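**Q** I'd like to ask you about the structure that follows.
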Amino acid sequence: MTRLSLTVNGEAVSVDTEPRVSLADFLRDRLALKGTHLGCEHGACGACTVLLDGVPVRSCITLAASCEGAAVTTVEGFEDDAVVARLRAAFTEEHALQCGYCTPGMLATARDIVMRHTTPDIAAIRHELAGCICRCTGYRGIVRAVARVIAERAPVGAAPDGDCGPDAESP
Amino acid sequence: MKAPAFTFLRPASLDEALAALAAGEGEARILAGGQSLLPMLNLRMAAAETLIDIGGLTELGEIAEADGRVRIGARVTHAALEDGVGGDRWNGMLVFVARDIAYRAVRNRGTIGGSLCHADPAADWPVAMMALGATMQIAGPDGRRELDSEAFSLDVFSCALEEGEMLTAVSLPRLSPAARWSYRKMRKKAGAFGEAIAAVVHDPESGLVRVVAGSSPLGGPARHADLEASIAAGAPVEDAAIRRSLAAREPDLDRYEMQIHATCLRRAITEVMR
């Protein structure tokens, strides 16, 4: 066991953990944050995607022990995030979820896409979303929702939003 | 799918990491981004008694230019290269290659050094680095040494690192503005590993001409010197010559495999010579 200290959804956490525990299992089993979903558990499906220091990572193939001192944001931590608020509304309006299993990973991924893209290029959005598998919607609604939020943000010059770590705007 | 128990170390310096590797006597492994190693540990396809997480070694995350070559630290992520961090000196080639490695969430963790050492035959950086004439900077118990990418790449999932050694950086020449490159990959969907990869680079100023093909079942990357000679001479490269070159390297390619490898090579060569 090693003592692990990090910030999860804005709160400092310090817990003993086994080194082999993934970030996903740590979040779900030790912190009871069940919003992080596990699908494939080998980095292919995207359901477990969370933000680590503001950028999306696969929590199933990231060791919790490697996150010492880092800031993790799960779907439970998006409540006050302005970009995710817009994405939630767009997901509702565009019917971008059905069963919801992929949605936590989709939101973390979509937030990152919105932060790095200034034009709603459908091909680019599809390329970016290729790592997140949804078995319900057929993706069209998800792509439209992401495109809608990028388009909404574009006129205001992609002003800084949210509180999930350093912004990663396109260069 | 959970990894077996292991000891986890997070050294604060390169010397500490090398000492931990030596103490592991062959049973310790370097953990960079872990995007291949962790799933393989979970699936019990890889084993380690000790993992040495190099995430704290800031010196390995730097990109610097000296004496006309660019040194990219081993733990620079695919995402950083996709974003052109440190500047683009390859007319967009590294940005292009990085953008199509797995997915952004994987690129945020996965590193160029990890990819090179893991030596997956379908990985992108081993092919791209050989095509750019990169050398590998290695640290070990006997000090530091350099190996060119051809000597570094041994076989499928196998590189030339000796016990106790680790990759610290890759060093590669910048391309001149007149240089042309092409990188072609056949894969079933965006983010999937390539079934066939071809990289061609021609820099008329430095004289660098490289034709590199890789991925299963060809195995790891290798140069096609006969095709390089044609490009250097400005001679047209016929499809039959590409197929002869591939067959000389791997006689057992079936029709499909020959077709996808030959197509990747032909497209890449055509794009560079256009």
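The values are calculated or read from the model by the stated rules, or taken from the named source; none is laboratory data. Just so it is clear, the structure is predicted and the values come from calculations on it, not from any experiment. No Cβ is skipped: glycine too gets one built from the backbone with ideal geometry, and neighbour counts run over all protein chains shown. The accessibility values were calculated without ligands, DNA or RNA, using every heavy atom of the protein model including side chains. Shrake-Rupley method; radii C 1.70, N 1.55, O 1.52, S 1.80 Å.
**Q** Give the residue that is farthest from the other protein chains (Cβ to nearest Cβ), with candidates limited to residues of the range A:24-43 that are of a type in the set (Gly, Ala, Ser) and over 15 Å from B:Gly34 (Cβ atoms).
**A** If we take residues in the range A:24-43 being of a type in the set (Gly, Ala, Ser) and over 15 Å from B:Gly34 (Cβ atoms), then A:Ala32 is farthest from the other protein chains (Cβ to nearest Cβ).
**Q** Given the criteria of a type outside the set (D, E, K, R) and within 14 Å of another protein chain (Cβ to nearest Cβ), does B:Ala80 qualify?
**A** Spelling it out, B:Ala80 is indeed of a type outside the set (D, E, K, R) and within 14 Å of another protein chain (Cβ to nearest Cβ).
**Q** Let me ask something else. Restricting to the range A:44-66, name every residue that is closer than 22 Å to B:Asp53 by Cα, over 12 Å from the mean Cα position of the chain (by Cα) and within 9 Å of another protein chain (Cβ to nearest Cβ).
**A** A:Cys60, A:Ile61, A:Thr62, A:Leu63, A:Ala65, A:Ser66
**Q** Let me ask something additional. Every residue in the range A:39-55 that is part of a loop (DSSP other than H, G, I, E, B) and crowded, with 18+ Cβ neighbours inside 10 Å, please.
**A** Answer for the range A:39-55, where residues must be part of a loop (DSSP other than H, G, I, E, B) and crowded, with 18+ Cβ neighbours inside 10 Å: A:Glu41, A:Gly43, A:Ala44, A:Cys45, A:Gly46, A:Ala47, A:Cys48, A:Gly54.
**Q** While we're looking at this one, here's another question. If you scan the range B:172-192, which residues turn out to be modelled with pLDDT under 95, open to solvent by 20 Å² or more (accessible area, probe 1.4 Å) and in contact with a helix residue (DSSP H, G or I) (Cβ under 9 Å, 6 or more places away or on another chain)?
**A** B:Ala190
**Q** Still on this structure, I have one more. Could you check, for the range B:198-218, whether at least one of its residues is touching a helix residue (DSSP H, G or I) at 6+ places or on another chain (Cβ under 7 Å), at negative phi and of a type in the set (Ser, Thr, Tyr)?
**A** no
**Q** Out of all the residues in the range B:17-34, which are open to solvent by 30 Å² or more (accessible area, probe 1.4 Å) and closer than 22 Å to B:Ile112 by Cβ?
**A** Listed by number, the residues that qualify are B:Arg29, B:Ile30.
**Q** Please name all residue pairs, on different chains or six or more residues apart, with Cβ atoms under 9 Å, provided the first residue is in the range A:92-107 and is in contact (Cβ under 8 Å) with a residue 60 or more places away in the chain and the second residue is hydroxyl-bearing (Ser, Thr, Tyr).
**A** What qualifies is A:Cys102/A:Thr137; A:Pro104/A:Thr36; A:Pro104/A:Thr49; A:Pro104/A:Thr74; A:Gly105/A:Thr36; A:Gly105/A:Thr49; A:Met106/A:Thr49.
**Q** Confirm whether B:Gly114 is within 13 Å of another protein chain (Cβ to nearest Cβ), open to solvent by 20 Å² or more (accessible area, probe 1.4 Å) and assigned to a helix (DSSP H, G or I).
**A** When the stated conditions are applied, B:Gly114 passes them.
**Q** Identify all residues within the range B:4-43 that are within 12 Å of chain A (Cβ to nearest Cβ), in contact (Cβ under 8 Å) with a residue 40 or more places away in the chain and either more than 27 Å from B:Asp142 (Cβ to Cβ) or not aliphatic (A, V, I, L, M) (or both); write none if there are none.
**A** B:Pro4, B:Phe6, B:Thr7, B:Phe8, B:Arg10, B:Gly33, B:Gly34, B:Gln35, B:Ser36, B:Asn42, B:Leu43
**Q** Just to be sure, is B:Asn91 over 30 Å from B:Asp203 (Cβ atoms), in the same structural domain as B:Thr135 (by TED's automatic domain parsing) and among the polar types (S, T, N, Q)?
**A** So B:Asn91 does not fit the description; no.
**Q** Scan the range B:56-79 and report the pairs whose first residue is under 15 Å from B:Gly113 (Cβ atoms) and whose second residue is among the aromatic types (Phe, Trp, Tyr), with Cβ atoms within less than 9 Å and a gap of 6+ or a chain change.
**A** These pairs meet every condition: B:Val70/B:Trp90; B:His78/B:Trp125.
**Q** Just a yes or no: is a residue in the range A:99-108 at positive phi, of a type outside the set (D, E, K, R) and within 10 Å of another protein chain (Cβ to nearest Cβ)?
**A** Checked the range A:99-108: no residue is at positive phi, of a type outside the set (D, E, K, R) and within 10 Å of another protein chain (Cβ to nearest Cβ).
**Q** If you don't mind, another one. Determine whether B:Gly56 is more than 28 Å from B:Leu218 (Cα to Cα) and either within 13 Å of another protein chain (Cβ to nearest Cβ) or within 16 Å of the chain's Cα centre (by Cα) (or both).
**A** yes
**Q** Write out, first by first residue and then by second, each pair whose Cβ atoms fall under 8 Å of each other, whose residues are 6+ apart or on separate chains, and whose first residue, in the range A:72-86, is not assigned by TED's automatic domain parsing to the domain that holds A:Arg58 while the second is among the acidic types (Asp, Glu) and in a helix (DSSP H, G or I).
**A** That search, which allows pairs on different chains as well, returns A:Arg86/A:Glu152.
**Q** Among the basic types (Lys, Arg), out of contact with any strand residue (DSSP E or B) (no Cβ under 7 Å at 6 or more places or on another chain) and open to solvent by 50 Å² or more (accessible area, probe 1.4 Å): which single residue out of B:Arg266, B:Arg223 fits that description?
**A** B:Arg266
**Q** State the number of residues belonging to the range B:52-99 that are open to solvent by 20 Å² or more (accessible area, probe 1.4 Å), in contact with a helix residue (DSSP H, G or I) (Cβ under 7 Å, 6 or more places away or on another chain) and at negative phi.
**A** 8
**Q** While we're on this one: Checking the condition crowded, with 24+ Cβ neighbours inside 10 Å, over 30 Å from A:Glu18 (Cβ atoms) and modelled with pLDDT of 95 or more, which residue from A:Val114, A:Val72 passes?
**A** Unique residue meeting the criteria: A:Val114.
**Q** Next question, about the same structure. Here is a check on your reading of the model: is A:Leu97 assigned to a loop (DSSP other than H, G, I, E, B) and of a type in the set (A, V, I, L, M, F, W, C)?
**A** So A:Leu97 fits the description; yes.
**Q** OK, next. Looking at this structure, is A:Val143 more than 21 Å from B:Glu82 (Cα to Cα) and crowded, with 20+ Cβ neighbours inside 10 Å?
**A** Considered against the rule, which asks whether it is more than 21 Å from B:Glu82 (Cα to Cα) and crowded, with 20+ Cβ neighbours inside 10 Å, A:Val143 comes out as yes.
**Q** Inside the range A:85-94, can you point out the residues that are assigned to a helix (DSSP H, G or I) and buried (at least 18 other Cβ atoms within 10 Å of the Cβ)?
**A** Within the range A:85-94, A:Arg86, A:Leu87, A:Arg88, A:Ala90, A:Phe91 meet the criteria.
**Q** In addition: Would you be able to tell me the number of residues in the range A:3-38 that are open to solvent by 20 Å² or more (accessible area, probe 1.4 Å) and not in a helix (DSSP H, G or I)?
**A** Result for the range A:3-38: 20.
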